[in-house]
Protein chains: 2
Amino acid sequence: MPEEGDLVHSQAGVQTTRPVQAAYGATPGSHCSRGSAMWVGRRVAELPTPAFVVDEAVARRNAERMLQRCRALGLRLRPHMKTHKTLEGGELMTGGTRRGIVVSTLAEARFFAAGGFDDILYAYPLPFDKLEECAVLAQRLEAFQVLVDSRDALAQLRRRRLARGVRWLVWMKLDCGNGRAGLRHTDPGALELARAIAQEAPEEVALAGVYAHCGNTYGCSGVPEIQAVAQATTAATLEFMGTLQEAGVTCPASSIGSTPSCSHPVADMGKLTEVHPGNYIFYDLQQVTIGSCQLEDVAVRVLTRVIGHYPHRNQLLVDCGWAGLSLHGLGQLPTGYALIEGHPDLKLVGMTQEHGRVEPVVGALDFSKFPLGSLLALIPYHACATAAMHPVYYVHAEGKVVATWKPVRGW
Amino acid sequence: MPEEGDLVHSQAGVQTTRPVQAAYGATPGSHCSRGSAMWVGRRVAELPTPAFVVDEAVARRNAERMLQRCRALGLRLRPHMKTHKTLEGGELMTGGTRRGIVVSTLAEARFFAAGGFDDILYAYPLPFDKLEECAVLAQRLEAFQVLVDSRDALAQLRRRRLARGVRWLVWMKLDCGNGRAGLRHTDPGALELARAIAQEAPEEVALAGVYAHCGNTYGCSGVPEIQAVAQATTAATLEFMGTLQEAGVTCPASSIGSTPSCSHPVADMGKLTEVHPGNYIFYDLQQVTIGSCQLEDVAVRVLTRVIGHYPHRNQLLVDCGWAGLSLHGLGQLPTGYALIEGHPDLKLVGMTQEHGRVEPVVGALDFSKFPLGSLLALIPYHACATAAMHPVYYVHAEGKVVATWKPVRGW
């Protein structure tokens, strides 16, 4: 039997929470330290709230399944670090190799490089103000790779020649229908730019690969729609690789990615060399809604406590506002900004900076079930956004904190 | 004449930005340090982006005007720290006294206490998991004050008696129409709770004041509506203070607050003892929309650079996504998630984690005006939310960085 206050798995495999009054005051003075490491070995239900918690087993399973999926397709997995931004998460996602990752900020690049990671692809349209720091990383790592989608960016690289025979390793960004960065694969400019990267100054710059992000899978609903986008993105990327080959432009790698597409890959993705999903280590309600995963695959929660009862308006307050959850769930869910685990009958209807307002979806709230101080677990809509609000993640196994992870932030 | 790349004031008093190509590469290696202090003395236009910048003169003027406004009303200003969460911002808002502030997280309380601040009101429904840390602060500071709105919370305080004759200093939260925390002033339970705080154990607990937040001013449009809410909140609070007096319950202080109401106070607010606004040090587009201030009073911007041109869809990309701005402007503004300073004809139509998509409100974009690398300044919709995304604020005067402020985060 689970103890009062434990995070326990229900028969459906979904975690539910129980009130944790028993935990209060049991260890006076326990909340006085500012260090997060002191929580290791303690019960999750004792954590000060709001707390971002990661179920280690679920995160590990998500990471391993993606590695297996890629292995089965003969694809290299180059996981994206942007969701968790932690060394420990990167370790899990690379299967312990610490080699072959994607980052979207230079702060992440520096952080992972300092943490012993290498073969880092900074998959972001080369920001000219950060060229010098990119050069430092390119000189220092075995493989620090940048991304461009314009002649101007290539010209910047040419102007900042690397020393000691090191070449800029450059991926070209392709837009296969997502509509963010990148050249359209049908644009004649795409071949021209690839050729320029590969051939203009081969002693200074090398074409390392072609990169496409199928972020348009985020508009999908269900596996067939996800796979249709994955297929279209794969086909466009492979078509462009064929165009390069015909034109005599050597390009060793091709990569597409997004958590929905890589959670349900199509066979043709095996003809690429890499994929680069990121969110899947945590997953979230958005991914459940899209069809990338099941609710039981979501590894993260924000723990929050009840701090007020307001029967006259049929509401209670919890100690998590947008500062602990983000606003990303706004208008996306029938249960408001999040799903309150084990309580699908409750709705997180409003959030200010540090307060969340909760009321029943219908009917009158039974306040006796939610005494002041009792714990609730919010399943976030967008894990990347929620994780970004927390300076520390509490990683747990079987109701106990087993580690604390500290993400990098900034740019 | 302003130099290319300077942040300059236009005739309307609103800052506009110009392309800053001239600044690139002028100081090779300049972006290699991770420390933010190295930016002091440098030009704002050289900062790596996205960067949260604070116009020191505007922030100082905002702080001084609020102090003057309160002085004129014979009111004490107890500024809220939640927007900026920095020692330097607290220094400005308290007029250098570092006495008499409000915080909404325990992390802020610890941070400001460690920074030499005192008379700190933790104006948040007492979170039971943080009682022990509250006790530590109550023993250590001259005046660390907590807030309750329930008998349960009072019972928690009674159970954790302070040592050496120190009493819990307790504010009672009143809900005067905002509908978040607090007892309604007309609820008989409000008088009962105030009496219990004041009289139940006077050697352990003291009633320090009555506290109301008129967050409902955020639904206002224009000064008359703001003042109507300010008047109603003031009247309700004063009526409750009268009820206490009639009942023989001594209560030395009464405080209401919100940036809209305190930016346009009504005369009756002079009958209170304190007010506690917070956002006004920065202001933002939300406050401009409400009518709290003018655009020229907004002290903060997020600087961002153009990283991509996509003529086929009439859009450019900038290097600020929701990780640098928050999603708080969503659906609130005709110009999208923010206002791009000096370019009211542009719209920030979409944001992902690190990318912003910009297009004209109408017509075709003249890309030649926005070369890759050029700088734009985003005026945020909600300064509290945008500030929360940044580990450092760059404070500037006359186009130069004069200081870096580091906010506390977490709980």
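The values are calculated or read from the model by the stated rules, or taken from the named source; none is laboratory data. Remember, it's a predicted structure, so these values are computed and weren't measured experimentally. Here the Cβ is made from the backbone with ideal geometry for all residues, glycine too, and neighbour counts use every protein chain on show. Note: accessible area is taken over every heavy atom of the protein model, side chains too, but ligands, DNA and RNA are not part of it. Shrake-Rupley method; radii C 1.70, N 1.55, O 1.52, S 1.80 Å.
What the table shows:
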quantity: Residue list for segment B:76-100, restricted to those being under 23 Å from B:MET389 (Cβ atoms) and open to solvent by less than 10 Å² (accessible area, probe 1.4 Å); calculated: B:PRO79, B:MET81, B:THR83, B:HIS84, B:THR86, B:GLY89, B:GLY90, B:MET93
quantity: Criterion: closer than 28 Å to B:GLU204 by Cβ, among the polar types (S, T, N, Q) and touching a helix residue (DSSP H, G or I) at 6+ places or on another chain (Cβ under 6 Å) - qualifying residue of B:GLN156, B:GLN139; calculated: B:GLN156
quantity: Residue within segment B:301-322 that is open to solvent by 30 Å² or more (accessible area, probe 1.4 Å) and part of a strand (DSSP E or B) present; calculated: yes
quantity: Residue check for B:HIS390: part of a loop (DSSP other than H, G, I, E, B), at pLDDT 95 or above and open to solvent by less than 10 Å² (accessible area, probe 1.4 Å); calculated: yes
quantity: Counted residues, segment B:235-262 - those being within 14 Å of B:GLY215 (Cα to Cα) and not in a helix (DSSP H, G or I); calculated: 4
quantity: Hey, A:SER292 over 19 Å from A:PHE52 (Cβ atoms), assigned to a loop (DSSP other than H, G, I, E, B) and touching a Ser or Thr at 6+ places or on another chain (Cβ under 7 Å) or not; calculated: yes
quantity: Failed criterion for B:VAL395 (all others in (1) away from chain A (no Cβ under 11 Å); (2) at positive phi; (3) modelled with pLDDT of 95 or more hold); calculated: (2)
quantity: Identity of the residue in segment A:39-62, out of contact with any helix residue (DSSP H, G or I) (no Cβ under 9 Å at 6 or more places or on another chain) and within 14 Å of chain B (Cβ to nearest Cβ), that ends up surrounded by the fewest Cβ atoms within 10 Å (Cβ to Cβ); calculated: A:ARG42
quantity: Failed item in (1) out of contact with any strand residue (DSSP E or B) (no Cβ under 6 Å at 6 or more places or on another chain); (2) part of a strand (DSSP E or B), with A:VAL408 passing the rest; calculated: (2)
quantity: Tally, over segment A:323-344, of residues that are open to solvent by 20 Å² or more (accessible area, probe 1.4 Å), in contact (Cβ under 8 Å) with a residue 12 or more places away in the chain and within 14 Å of another protein chain (Cβ to nearest Cβ); calculated: 4
quantity: Of all residues in segment A:212-243 being among the aliphatic types (A, V, I, L, M), out of contact with any Asp or Glu (no Cβ under 9 Å at 6 or more places or on another chain) and under 18 Å from A:CYS293 (Cβ atoms), the one that is least open to solvent (accessible area, probe 1.4 Å); calculated: A:ILE226
quantity: Residue in segment B:292-306 that is closer than 26 Å to B:GLY74 by Cβ, within 14 Å of another protein chain (Cβ to nearest Cβ) and not small (Gly, Ala, Ser) present; calculated: no
quantity: Checking A:ARG357 against (1) surrounded by fewer than 24 Cβ atoms within 10 Å (Cβ to Cβ); (2) in contact (Cβ under 8 Å) with a residue 60 or more places away in the chain, the condition it does not meet; calculated: (2)
quantity: Residue satisfying all of: in segment B:10-64; assigned to a loop (DSSP other than H, G, I, E, B) and modelled with pLDDT of 95 or more; nearest to B:ALA323 (Cα to Cα) among these; calculated: B:PRO50
quantity: Any hit, segment A:277-299, residues being open to solvent by less than 10 Å² (accessible area, probe 1.4 Å) and more than 18 Å from the chain's Cα centre (by Cα); calculated: no
quantity: Positions within segment B:111-135 being surrounded by fewer than 20 Cβ atoms within 10 Å (Cβ to Cβ) and over 25 Å from B:LEU193 (Cβ atoms), in sequence order; calculated: B:ALA113, B:ALA114, B:GLY115, B:GLY116, B:ASP118
quantity: Residues of segment B:349-387 that turn out to be under 23 Å from the mean Cα position of the chain (by Cα) and more than 14 Å from every other protein chain (Cβ to nearest Cβ), as a count; calculated: 3
quantity: Verdict on A:TRP405 being over 14 Å from the mean Cα position of the chain (by Cα), more than 12 Å from chain B (Cβ to nearest Cβ), open to solvent by 10 Å² or more (accessible area, probe 1.4 Å) and among the aromatic types (Phe, Trp, Tyr); calculated: yes
quantity: Segment B:186-234, residues that are closer than 25 Å to B:ALA138 by Cα, out of contact with any Phe, Trp or Tyr (no Cβ under 9 Å at 6 or more places or on another chain), charged (D, E, K, R) and in a loop (DSSP other than H, G, I, E, B); calculated: B:GLU200, B:GLU203
quantity: Among (1) over 15 Å from the mean Cα position of the chain (by Cα); (2) not assigned by the TED database to the domain that holds B:LYS271, the one test that B:THR97 misses; calculated: (2)
quantity: Flag for A:THR304 being in the same structural domain as A:ILE379 (by the TED database) and at pLDDT 95 or above; calculated: yes
quantity: Residue match in segment A:169-188 (condition: farther than 29 Å from B:ASN314 by Cα and open to solvent by less than 60 Å² (accessible area, probe 1.4 Å)); calculated: yes
quantity: Cross-chain or 6+ apart pairs with Cβ under 9 Å, segment B:398-411 first and at pLDDT below 95, then open to solvent by less than 30 Å² (accessible area, probe 1.4 Å) and part of a strand (DSSP E or B); calculated: B:GLY399/B:VAL8
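Each row is one residue, and each column tells you yes or no for (1) free of Cβ contacts under 8 Å to residues at least 60 places away in the same chain; (2) closer than 28 Å to B:TRP405 by Cα; (3) under 19 Å from the mean Cα position of the chain (by Cα).
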residue: B:PHE117; (1), (2), (3): yes, yes, yes
residue: B:ILE120; (1), (2), (3): yes, yes, yes
residue: B:ASP129; (1), (2), (3): yes, no, no
residue: B:CYS134; (1), (2), (3): yes, yes, no
residue: B:ARG159; (1), (2), (3): yes, no, no
